[in-house]
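Dropping a structure here in structure tokens format, bear with me for questions.
The values are calculated or read from the model by the stated rules, or taken from the named source; none is laboratory data. Not measured: the values here are computed from a predicted model. Cβ placement follows ideal geometry from the backbone for every residue including glycine, while neighbour counts extend to all protein chains displayed. Please note that ligands, DNA and RNA were not included when accessible areas were found on the heavy atoms of the full protein model with its side chains. Shrake-Rupley method; radii C 1.70, N 1.55, O 1.52, S 1.80 Å.
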Amino acid sequence: MTGKIDHIGIAVANLDETLKLYTDVLGLKLHGTETIADQKVRVAFLPIGDTELELLESTEPDGPIAKFIEAKGQGLQHLAFQVDDIEAALEEMRLKGIRLIDEKPRYGAGGAKIAFLHPKATNGVLVELCQRT
């Protein structure tokens, strides 16, 4: 781990409406948006200091973000920690007995390689490992 939070993922029901709060009220700058079809999510990137906020809107009613909002409401969905080598980080987690959602890295927003740790292994917090290339 690099000791840096890469980003904070926030689940939202309506990305365009939520962006007004973060840009118009809080003064953050929108860095861009991206749709990741296979994850059924649309993401907005809002840099803040050395990290960024990722606002996550489901593109499908059965998407993971829609299910999250249905179960828990809008709000903090995950914390992403930056790693230098995601494969090595996943192996380290396996050796430490941490339950993984992703056994292998997958494509994430912004071109990152990502993998999630299971929240049952992390005291209820969905933790993402994130390697930027």
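Accessible area of the chain with a 1.4 Å probe: how many percent of it is carbon plus sulfur?
53 percent
At 1.4 Å probe radius, can you tell me the per residue accessible area of the chain in Å²?
55 Å²
Need the C-alpha centroid separation for the range 21-100 versus the range 112-133, integer Å.
Spelled out, the Cα-based centre of one part sits 10 Å from the other.
Keeping every protein chain in place, order Thr35, Thr133, Thr122 by accessible area at 1.4 Å, biggest value first, i.e. largest first.
Thr133, Thr35, Thr122
Right, another one. Would you grab the residues whose amide H sits under 5 Å from the one on Gln77? Only those 5+ places off in sequence or on another chain, please, with H modelled 1.01 Å from N.
Correct list: Gly9, Ile10, Ala11.
Okay, next question. Could you work out [θ]222 nm for the chain from helices alone, using -39500 (n - 2.57) per DSSP H run of at least four and dividing by all its residues? Round to the nearest 500 deg cm²/dmol.
Taken over the chain, the calculation gives -5000 deg cm²/dmol.
Given a cut-off of under 8 Å on Cα pairs at least six residues apart, what relative contact order in percent is computed for the range 1-56?
This gives 41 percent for the range 1-56.
Go through 21-32, 104-115 and give me the packing order, highest mean Cβ count within 10 Å leading.
Ranking the peptides 21-32, 104-115 by packing returns 104-115, 21-32.
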